[in-house]
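J.: One structure coming up, written as structure tokens, with questions to follow.
The values are calculated or read from the model by the stated rules, or taken from the named source; none is laboratory data. Source: prediction; values computed, not measured. All Cβ positions, glycine included, derive from the backbone under ideal geometry; neighbour counts span all protein chains shown. Ligands, DNA and RNA are stripped out before the accessible areas are found, and what is left, the full protein with its side chains, is counted by its heavy atoms. Shrake-Rupley method; radii C 1.70, N 1.55, O 1.52, S 1.80 Å.
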Amino acid sequence: MDKGTIKRILNSTLNPMIFFIGILLVWEIIVLIFNIPNYILPSPISIFSEIINKFFLLIDHTLTTMIESLLGFLLANSISFLAAIAFAHSKTIEKGLYPYAIALKTTPIVAMAPILILWFGTGIISKIVTSAVICFFPILVNTIRGLKDVDEDALNLFESLSASKWQVFKKLRLPNSLPYIFSALKISTSLAIVGAIVGEFVGSNKGLGFLILVSSYHLETSTMFAAIIMSALSGILFFYAISFIEKRVVFWKEPEME
Amino acid sequence: MHELIIVIKDLTKYYEHLHVLDNLNFNIRRGEFISIVGPSGCGKTTLLKILGGLIKPTSGNINIFKSSPSQKNDIREFGFVFQNPVLLPWRTTKKNIELPLEIYEKEKPKILPKSFIELVGLSGFENYYPKQLSGGMQQRASIARALILEPSILLMDEPFGALDEITRDKMNIELLRIWTKIKTTIIFVTHYIPEAVFLSDRIIVVSKRPAKIEEIVEIDLPRPREPEMRNSTKYNEVMKWIRELLKEY
């Protein structure tokens, strides 16, 4: 790292840091001045001490939610990827099934969650399924787009070489779809966590959704805040993990602005 | 020199009701550099794709005389160079040039990609990715890729159309240098008259759509062609004539 890079990193992190500390300060002062009760709005310091005190409990619930969303994410993306290949390959399949994929997309996951809990129980499986259902759509749409959105001259080139369909897929369509796939994967990361937490809201005995719900019953607002922060941090971690992989796999594309 | 490699008879092409090519008749001689010049949108690219077998004509015949026995390495009849270099961005220059070898899996030819990389002047850039190459270098890689299966006919569709004029002039000279080494037949589509005159043995001047042949112009300028030739009276006379032929479009 040369001086310029260090300076750039400092510049890009310094400003948000200053604002972050500023907002926390204002928050702390408002809570103090107006004497807001802890169960309405806990002060940043009390939230922070809550995180420290209940650290292992929080980590335990966070891990549950992360495992659920990760498995849901993997399940949805692998099924959806294969479905996209079938859709891109055959007009009949696409025309027949695409409307249902859209119907699935427009149905709110919150509306479906109770039935999924009924079917798959209050354990981890139902959360994996809620998470998977919500992740399904972005990867489907983007993979189809990536497989089809191939330069026409590139197709002409492969045709002029009498390439087989499989060769065109392997050497042209698949690599071409990778940038599309990764942008869908990044969208899916936050959706996966939403799906898992919604599942936990409806019926569970573990996970961040469960923790948020239970602490709301007991007016343990600091715990709720701590759990919300953990869910946000999991989302960020998940997103950057995928970005990290993306930079190595799709090395030829400039990363787009997030 | 006048042995024929392609004979085109009564070639006509319609896209639905759009009349693109109208009854074209011409021959192409083995080893010649022939250009097709015409107004943009006249169907030059369609003609090239029909010649290369990518599109079927509506009617008419194309007779391609297979390679003579002396050209044993001739495993592929056509090589294509498009206006856009169409290099795959996830492959290095070398990997891009080798693509046809990977696709052509049968009887693997004993071809050294290295010699083609040298031929187009890309030695030292083998491991660069396309986005690290200039437009001219990208087109060099695309030419090497088209040549690697040693085709007897090279089809070029406005290959230098996207380049700036200085690079284009340089690439014209490079192309002639490559052509004298490999001695394939080149069919070259362009709408840039000076380029066609500088490069070609003959120029087929076609009209606007539906494309008819206006004239087949023999360019009897001496070879090897040097950049200085662009100042000669004869060169400029030919240019003037072709401009005249295309004036009404």
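J.: Criterion first (farther than 16 Å from residue A:224 by Cβ, surrounded by 10 or more Cβ atoms within 10 Å (Cβ to Cβ) and β-branched (Val, Ile, Thr)) does residue A:9 satisfy it? Before the answer, list the steps.
T.: Working: farther than 16 Å from residue A:224 by Cβ: yes; surrounded by 10 or more Cβ atoms within 10 Å (Cβ to Cβ): yes; β-branched (Val, Ile, Thr): yes.
Criteria met by residue A:9.
J.: Look at residue B:173 and say whether it is surrounded by fewer than 17 Cβ atoms within 10 Å (Cβ to Cβ) and either hydrophobic (A, V, I, L, M, F, W, C) or in contact with a helix residue (DSSP H, G or I) (Cβ under 6 Å, 6 or more places away or on another chain) (or both).
T.: Values: surrounded by fewer than 17 Cβ atoms within 10 Å (Cβ to Cβ): yes; either hydrophobic (A, V, I, L, M, F, W, C) or in contact with a helix residue (DSSP H, G or I) (Cβ under 6 Å, 6 or more places away or on another chain) (or both): yes.
Judged against the criteria, residue B:173 is a match.
J.: Evaluate the range A:146-167: report whether one residue or more is in a helix (DSSP H, G or I), buried (at least 22 other Cβ atoms within 10 Å of the Cβ), within 14 Å of chain B (Cβ to nearest Cβ) and under 23 Å from the mean Cα position of the chain (by Cα).
T.: yes
J.: Have a look at B:211, B:141 and point out the one that is of a type in the set (Gly, Ala, Ser) and either open to solvent by 40 Å² or more (accessible area, probe 1.4 Å) or within 14 Å of chain A (Cβ to nearest Cβ) (or both). Explain how you work it out, then say what you get.
T.: Values: B:211 fails: either open to solvent by 40 Å² or more (accessible area, probe 1.4 Å) or within 14 Å of chain A (Cβ to nearest Cβ) (or both).
Of B:211, B:141, the one residue that is of a type in the set (Gly, Ala, Ser) and either open to solvent by 40 Å² or more (accessible area, probe 1.4 Å) or within 14 Å of chain A (Cβ to nearest Cβ) (or both) is B:141.
J.: Here is a follow-up. Any idea which of A:107, A:130 is among the polar types (S, T, N, Q) and either modelled with pLDDT of 90 or more or open to solvent by 70 Å² or more (accessible area, probe 1.4 Å) (or both)?
T.: Details: A:107 fails: either modelled with pLDDT of 90 or more or open to solvent by 70 Å² or more (accessible area, probe 1.4 Å) (or both).
A:130 is the lone residue from the list that is among the polar types (S, T, N, Q) and either modelled with pLDDT of 90 or more or open to solvent by 70 Å² or more (accessible area, probe 1.4 Å) (or both).
J.: From A:105, A:95, grab the single residue that is within 28 Å of the chain's Cα centre (by Cα), among the basic types (Lys, Arg) and in the same structural domain as residue A:168 (by TED's automatic domain parsing).
T.: Working: A:95 fails: within 28 Å of the chain's Cα centre (by Cα).
Only one candidate qualifies: A:105.
J.: List the residue pairs whose Cβ atoms are under 8 Å apart, where the first residue sits in the range A:31-46 and is hydroxyl-bearing (Ser, Thr, Tyr), the second is modelled with pLDDT under 90 and not in a helix (DSSP H, G or I), and the two are 6 or more positions apart or on different chains.
T.: Correct list of pairs: A:46/A:38.
J.: Considering only residues that are in a strand (DSSP E or B) and at pLDDT 90 or above, which ones fall in the range B:61-89? Explain how you work it out, then say what you get.
T.: Of all residues in the range B:61-89, those in a strand (DSSP E or B) come to B:61-64, B:78-81.
B:79, B:80, B:81, listed by residue number.
J.: Looking at the range B:91-106, which of the residues that are facing chain A (nearest Cβ under 9 Å) and in contact (Cβ under 8 Å) with a residue 12 or more places away in the chain is nearest to the chain's Cα centre (by Cα)?
T.: Quick first cut of the range B:91-106, residues facing chain A (nearest Cβ under 9 Å) only: B:91, B:99-100, B:102-105.
Cutting the leftovers down to in contact (Cβ under 8 Å) with a residue 12 or more places away in the chain gives us B:91, B:99-100, B:104.
Working: B:91: 24, B:99: 19, B:100: 18, B:104: 21 Å.
Here the residue is B:100.
J.: Hey, another quick one. Anything in the range B:125-179 that is β-branched (Val, Ile, Thr) and outside any helix (DSSP H, G or I)? List them, or say none. Show your work before the answer.
T.: Within the range B:125-179, the subset β-branched (Val, Ile, Thr) is B:143, B:148, B:153, B:166-167, B:173, B:178.
Answer for the range B:125-179, where residues must be β-branched (Val, Ile, Thr) and outside any helix (DSSP H, G or I): B:148, B:153.
J.: Does residue B:196 satisfy being among the small types (Gly, Ala, Ser) and crowded, with 19+ Cβ neighbours inside 10 Å? Step through it out loud before you land on a result.
T.: Values: among the small types (Gly, Ala, Ser): yes; crowded, with 19+ Cβ neighbours inside 10 Å: yes.
Against the criterion (among the small types (Gly, Ala, Ser) and crowded, with 19+ Cβ neighbours inside 10 Å), residue B:196 qualifies.
J.: I've got another one for you. Only residues that are more than 20 Å from residue A:46 (Cα to Cα) and open to solvent by less than 80 Å² (accessible area, probe 1.4 Å): list them for the range A:13-32, please.
T.: Selection gives A:13, A:16.
J.: Taking only the range A:168-210 into account, find how many residues are within 20 Å of the chain's Cα centre (by Cα), under 30 Å from residue B:96 (Cβ atoms) and hydrophobic (A, V, I, L, M, F, W, C).
T.: 5
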